[in-house]
Amino acid sequence: MTVSVKICGINSREAAEAVLKAGADFGGLVFFPRSPRHLSLDQGRLLAQQLRSRVRVVTLLVEPDDAMVDDIMAAIAPDFIQLHGNETPERSAAIGLRAKRPIIKALAVAEATDVARAHAYQDAAEYLLFDAKADAFATRPGGLGAAFDWKLLSGTSFKRPIGLAGGLTPENVARAILTSDAAFVDASSGVEDAPGKKSPEKIAAFVSSARNAQYTHVRGDV
């Protein structure tokens with residue numbers, strides 16, 4: 001199985017070029033003011049133009065209202081919308097219909113019941129993305145560099161492809177894929193030298209490690 005790779009939190013032309021050079025499948029743009037990777041609509045428009053047709057452009061939103069969805073579509077016209085808040089299945093589906101774009105729904109995980117609730121989103125989202133649950137003091141729902149127990153996903157069955165986020169790095173992504181059977185992986189802080197500062201070297205290493213996970217398993221490195 002070929003695993004797809006998403007690099008999220010792209011916030012500079014240099015980072016975008018590194019993502020393209022590494023051969024990632026998805027490029028994520030964050031529109032959430034509390035994130036160190038937050039973009040203005042003008043910044044996002046320019047980066048989307050750089051990425052478009054070479055990767056699938058994803059806009060990350062947290063509980064957006066209809067006006068925000070409309071603004072994102074007008075300025076960015078992404079290929080996917082990723083919802084990273086507490087959006088219900090009904091609201092997720094409504095956003096997808098309004099934008100006429102498929103939804104990636106991020107779901108926070110700390111225990112098995114968090115994984116189980118993803119079943120309610122299967123008709124609302126094209127992809128289900130499992131991320132580590134932020135603690136009570138966190139200022140944002142993701143991009144915190146925390147991981148959850150990937151074994152919680154092992155053996156689960158969904159009618160949508162599942163993805164994995166949270167604390168993924170070039171060093172652990174192969175193990176994460178083999179443990180969870182994820183169809184795609186999503187990295188942000190794990191490919192940075194500092195919050196919001198992407199590392200071209202780490203991006204290249206992450207994509208390579210994810211692509212070669214199955215061969216890592218054959219060698220017995222995981």
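General observations
- Taking all Cα pairs closer than 8 Å and separated by 6 or more residues, the relative contact order of the range 4-219 comes to 19 percent.
- DSSP finds beta bridges in the range 4-219, and of those with both partners inside it, around 5 percent are antiparallel.
- Each of 38, 119 has some number of other Cβ atoms within 10 Å of its Cβ, and from fewest to most they run 119, 38.
- Seen from residue 169, the other residues with C-beta closer than 14 Å to its C-beta sum to a net charge of -2, counting Lys and Arg as +1 and Asp and Glu as -1.
- For a straight C-alpha distance cut-off of 22 angstrom, the lysines reachable from residue 105 (same-chain residues fewer than eight places away being disregarded) are 6, 133, 151, 159.
- Among the trypsin sites (Lys or Arg not before Pro) found in the range 11-42, those both in a DSSP coil and sparsely packed, with 16 or fewer other Cβ atoms within 10 Å of their Cβ, are 34.
Every number here is computed from the coordinates shown, using simple stated rules; none is lab data. Since this is a predicted model, take the numbers as computed values, not measurements. Cβ coordinates were reconstructed from backbone atoms using ideal geometry, including for glycine residues, and neighbour counts include every protein chain displayed.
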